[in-house]
1. Can you give the calculated 222 nm mean residue ellipticity of chain B, where each DSSP H run of n ≥ 4 adds -39,500 (n - 2.57) and the sum is split over every residue, rounded to the nearest 500 deg cm²/dmol?
2. Apply 1/(1 + (r/R0)^6) to the Cβ-Cβ distance of A:Ile265 and B:Asn133, taking R0 = 22 Å, and write down the FRET efficiency to the nearest 0.05.
3. Could you rank the peptides B:50-56, B:295-301, A:145-151, A:39-45 by their average count of other C-beta atoms within 10 Å per residue, with the highest value first?
4. Using only C-alpha atoms and all pairs of different ones, pull out the Kirkwood radius for the protein assembly as shown in Å with one decimal.
5. Given just the C-alpha atoms of the range B:154-273, how large is their convex hull per residue in cubic angstrom?
6. Taking the Cα atoms of the range B:177-224, what is the range of coordinates along each of the three principal axes, in descending order and whole Å?
7. With heavy atoms of protein chains only and a 1.4 Å probe, what residues of the range A:196-227 have at least 50 Å² less accessible area in the full set of chains than alone?
8. Just the number, please: carbon plus sulfur as a percent of the accessible area of the protein assembly as shown, 1.4 Å probe, no ligands or DNA/RNA counted.
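The values are calculated or read from the model by the stated rules, or taken from the named source; none is laboratory data. Computed from a prediction, not measured in an experiment: that's the story for all the values here. All Cβ positions, glycine included, derive from the backbone under ideal geometry; neighbour counts span all protein chains shown. In case anyone asks, the SASA skips ligands and DNA or RNA and just uses the protein heavy atoms, side chains included. Shrake-Rupley method; radii C 1.70, N 1.55, O 1.52, S 1.80 Å.
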Amino acid sequence: MQFWVVQGLNSLALGGLLFLLASGFSLIFGLMRLANLTHGAMFMLGAYIGAGLMRSVDGVSLWVAAIAGGLGVALFGWVLERFILRRLPDNPLGQVLVTLGVAFIIADACLLIWGGDPIPIPAPSYLARPLFVGGFAFPAYRLVVVLIALAAAAGLYVMIERTRLGAMIRAGVDDMQMARAVGIPVSRLFSIVFCLGAGIAGAGGVLAGPILSAYPGLDADMLPLALIVVILGGIGSLMGAFVGSFIIGIIYTFGTALLPDLAYIILFLPMIVVIAFRPQGLFGHVSA
Amino acid sequence: MNKVLMLLFVAGLAIIPLVSGDFYINLATQILIAAVFALSLNLLVGYGGLTSLGHVAFLGLSAYICAWTSTKLGVAPLVAIGLSLVITTIMSALFGLIALRATGLGFLMITLAISQVLWGLAYRWASVTNGDNGISGLTRPSLFGLSLDSASSFYWLTLIISIFAFILMAAFAMSAFGSSLQGTRDQARRMRALGYNVWLIRWITFIYSGFWAAVAGLLYVYYNKYIHPSALSVTASAEALLAVIAGGAGTLGGPIVGAALLVFLKNYASSFVERWNMLLGFIFVLIVLLMPDGIVPGVQRLIRRMRGAQS
């Protein structure tokens with residue numbers, strides 16, 4: 001029983017981290033029609049910025065590091081969008097290839113700066129010990145990660161569904177030319193959404209630190225999971241990213257625990273089922 | 001004229017082992033293998049307009065099947081080769097069924113996800129793949145009693161297979177079927193209206209392309225006598241895609257030029273700098289920004305312009 005409880009919480013925590021990664025990816029894809037393959041690398045860059053900050057400066061808490069990682073990666077995203085991606089309008093393939101190239105550059109730069117050994121990121125000491133509820137031990141930090149992901153989901157939901165900015169984003173997703181025609185500054189929206197997506201991924205990387213730590217290859221481990229989440233949930237759908245993240249979190253965690261050799265094949269199955277019967281994803285409107 | 005040039009080119013390739021040392025022979029072998037692989041990817045990317053970021057799935061699958069059946073099951077080389085080709089082709093048919101539910105960026109993402117799943121499997125399914133250690137101990141078979149262990153004999157075999165591969169892929173691209181494939185790339189809706197089964201054309205191309213990637217995988221694994229999960233990484237897929245795009249997608253010579261450049265660069269650059277991935281990333285960004293349609297079409301345009309200036 002303890003096994004199921006702990007693994008259940010682990011899968012929720014992984015689902016929460018995946019949501020922080022996939023929600024930005026999905027929003028960027030939905031608005032800009034841009035498959036941002038740097039997203040995994042941004043997650044890793046955030047983790048390294050956080051880890052580096054906490055290691056070199058005494059007394060920096062995880063939360064400060066997460067904010068710094070998020071801001072740092074958002075700034076990076078701004079530069080990438082402003083100076084490179086903007087030069088390639090109407091060339092989705094070129095944009096994908098550029099983001100792939102930049103992902104290689106980031107990954108190698110991280111290796112160059114921080115070395116090949118994993119850097120652990122400690123959880124705050126008051127969250128490091130397990131929480132005992134009803135005879136079961138819960139790792140407290142993972143609970144907090146789930147709560148943060150839920151809060152992020154709620155925040156994004158309110159932003160998209162209830163604010164003026166969100167209304168403009170939705171208009172841009174549905175019909176960009178019409179949105180432009182009625183005076184919505186679509187290109188500024190692109191910058192905002194790209195920075196926002198990058199920032200959430202960067203902060204998510206730091207928050208993932210106490211669970212996964214920062215290591216070379218973190219990007220390659222996370223990106224496919226995020227891709228599968230987005231394929232599963234539907235491109236451009238926040239709800240899809242949310243549901244997809246927790247589905248994949250659960251499948252991957254239990255797959256790894258029960259059938260460690262074949263966890264990756266098990267990941268495949270929901271993807272195949274969804275693509276076969278609903279190619280636009282569970283909650284998607286546009287087919288890819 | 002063109003045929004004469006091509007024969008001279010092939011003759012030039014054939015005498016490489018007579019005039020150079022093992023280092024350059026091996027480099028040439030690597031270029032040929034990369035060229036076969038890039039040509040197979042080009043059928044999808046260049047002629048079909050289907051940008052796959054997971055093409056190494058087929059190279060890796062066929063290499064792993066060959067290495068695994070040879071070293072762990074001890075089957076004869078011919079059986080291992082046959083199994084690799086058949087299973088990989090079947091798998092490409094299945095993967096094609098999944099990936100071709102989408103086109104464009106969706107296709108790219110699904111192919112990437114598929115190859116990443118196989119990459120993860122190669123690392124984690126250690127009881128079959130030996131995980132991070134890879135599968136070693138593969139020996140090259142002998143052909144009609146001739147040993148393939150020397151660099152030059154393996155090079156010649158690779159050259160013969162590459163020429164076959166080139167001719168058969170060129171025939172595919174230039175056939176009526178190839179024209180209809182290009183039609184689905186440029187005007188899918190009109191092709192549909194004309195009564196072509198666009199999906200079927202793409203699927204057949206996917207399978208054919210997967211088959212030649214499997215051939216490249218066999219050459220790869222017999223050349224290295226070793227296979228490691230990194231052969232299935234995104235980087236490997238991206239390198240092949242870069243070879244196609246840098247050389248010129250949708251041309252027959254482009255992927256060969258691109259593959260040659262890439263292998264050269266990788267061998268030379270890695271002796272100077274350790275940062276191959278970073279260099280690869282920069283090349284990607286620069287090619288897309290500065291030379292979006294590739295080297296071969298760029299040079300062709302230059303020649304046309306010079307001829308135009310003369311007349």
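1. -24500 deg cm²/dmol
2. Working: r = 21 Å, r/R0 = 0.94.
With a Förster radius of 22 Å, E is 0.60.
3. Ranked from most to least packed, the peptides come out as A:39-45, B:50-56, A:145-151, B:295-301.
4. When all Cα pairs of the protein assembly as shown are included, the Kirkwood radius is 25.3 Å.
5. So the per-residue Cα hull volume is 124 Å³.
6. Its Cα atoms span 48, 15, 13 Å along the three principal axes.
7. Correct list: A:Leu227.
8. Roughly 69 percent, rounded to a whole number.
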